[in-house]
Amino acid sequence: MANTHSLDLELSSSQYAKKDYSAGVWEGTGGGNGTETDYTNLTIECWFNPESLPSDGNYMTLFEEISLDAHFYFRILNSSGTYKIEFIGNFTGGTAGWKVVYNDISISTGNWYHIAGVWTGGASGTLKTIFSGDASWGANTTNNDNTSFVDAAGPGAFVGAIDSGAQYFDGLIDDLRIWNTARTEAEIENNRSAELVGNETGLTAYWKFNNDLTDSESGGYSDLTGVNTPTFSATVPFAGGSATNTSNFFQFIN
C-alpha cells in the first residue's frame, strides 16, 4: 500500500472536511458499525504539516468529533508567542467534566509532525498526548474539570476546523485514525509510518486522504464531505509499506 496524497486545507478559503452523524448512527470511537456505544478508551492520531501558524491568542483545529455522549478535539494554540498542542475531551455529555492536556511545542511551517491523543478509563479517566516530531516538546500538563467549554449540538466529525466552522487549520493533514482502544506508545510508533488495511482490531474510523475523503475502515460509515473545496497534495509524511519499529520515537521528519 502506498501513501500518495494528503489533505490540503487553505485558511484563506476557510476549507475543512466534515461528516454529519444522525442521532445514534455514526462511526467513531464508540464502537463502529454505525452504532454508538459507551466510551471507555480511545486513541486519535494523525500527521500534520502547517503552512502557517495561529496568531497570538488564536487556535487552529486539527480534528473535532462530537457524539451523543462525548466530545473531543485536537488544536494548536498561540499563547503569547508560545505554541501549545491541546487534546480536549468530555465523556459526560455536558458542559462539566472536561479534561484538557496540553504541551508547549517547538513547531515550524513546512515540517511533518505526528500526534496522538490517548484517553483511558471513561468519564473519570485520564488523557495524554504522544508526539513524534521533536523531543523538546514539553511534558503533558493536565487541567481537569474545566467547565469553560460549551458542548455543541453535534454529532459529527470535523477535520481542520471546529463544528461552528472556525479555528481553521492551514496546511496538510494525513492518515487520520480513530481507535476505541488506548494505544500504547510502541503500537503508535510501530504503525505511524505505514498505511493500515482498515480491519485492524479497535480501528473505528480511518481517513487516508489518498486523493479522496473516504473512510477506509472496513465499516466505512464516515466518508467526509469537503467544505469550500479542499484539495489534495502529493506531499506526504511517509511513502507506505509495512510497519517498522523505530528506535527513536521522537523522530523529526522534514
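Coordinate-derived values only; no laboratory data. Remember, predicted model here, so these are calculated numbers, not experimental data. Every residue, glycine among them, receives a Cβ derived from its backbone with ideal geometry; neighbour counts consider all protein chains shown.
Observations on the model:
- Taking packing as the residue-averaged number of other Cβ atoms within 10 angstrom, the listed peptides 52-59, 168-175, 208-215 run from highest to lowest as 168-175, 208-215, 52-59.
- ³J(HN,Hα), Karplus 6.51/-1.76/1.60, whole Hz, each residue of region 80-89, x for Gly, Pro: 6, x, 9, 8, 10, 9, 10, 10, 10, x
- Derived scalar couplings between HN and Hα for region 172-185 equal 10, 10, 9, 6, 8, 10, 10, 10, 9, 10, 8, 6, 7, 4 Hz in order, rounded to whole Hz, by the Karplus curve 6.51 cos²θ - 1.76 cosθ + 1.60 (θ = phi - 60°), x for Gly and Pro.
- Listed by chain and number, the lysines whose alpha-carbon sits under 18 Å from that of residue 99, ignoring those within fewer than 8 places in the same chain, are 84, 128.
- In plain terms, the chain from residue 166 to residue 199 could stretch by 8.6 nm, reckoned as 0.36 nm per residue minus the Cα-Cα distance.
- Straight-distance candidates among the lysines for linking to residue 18, with alpha-carbon spacing under 16 Å and chain neighbours fewer than 8 residues away dropped: 208.
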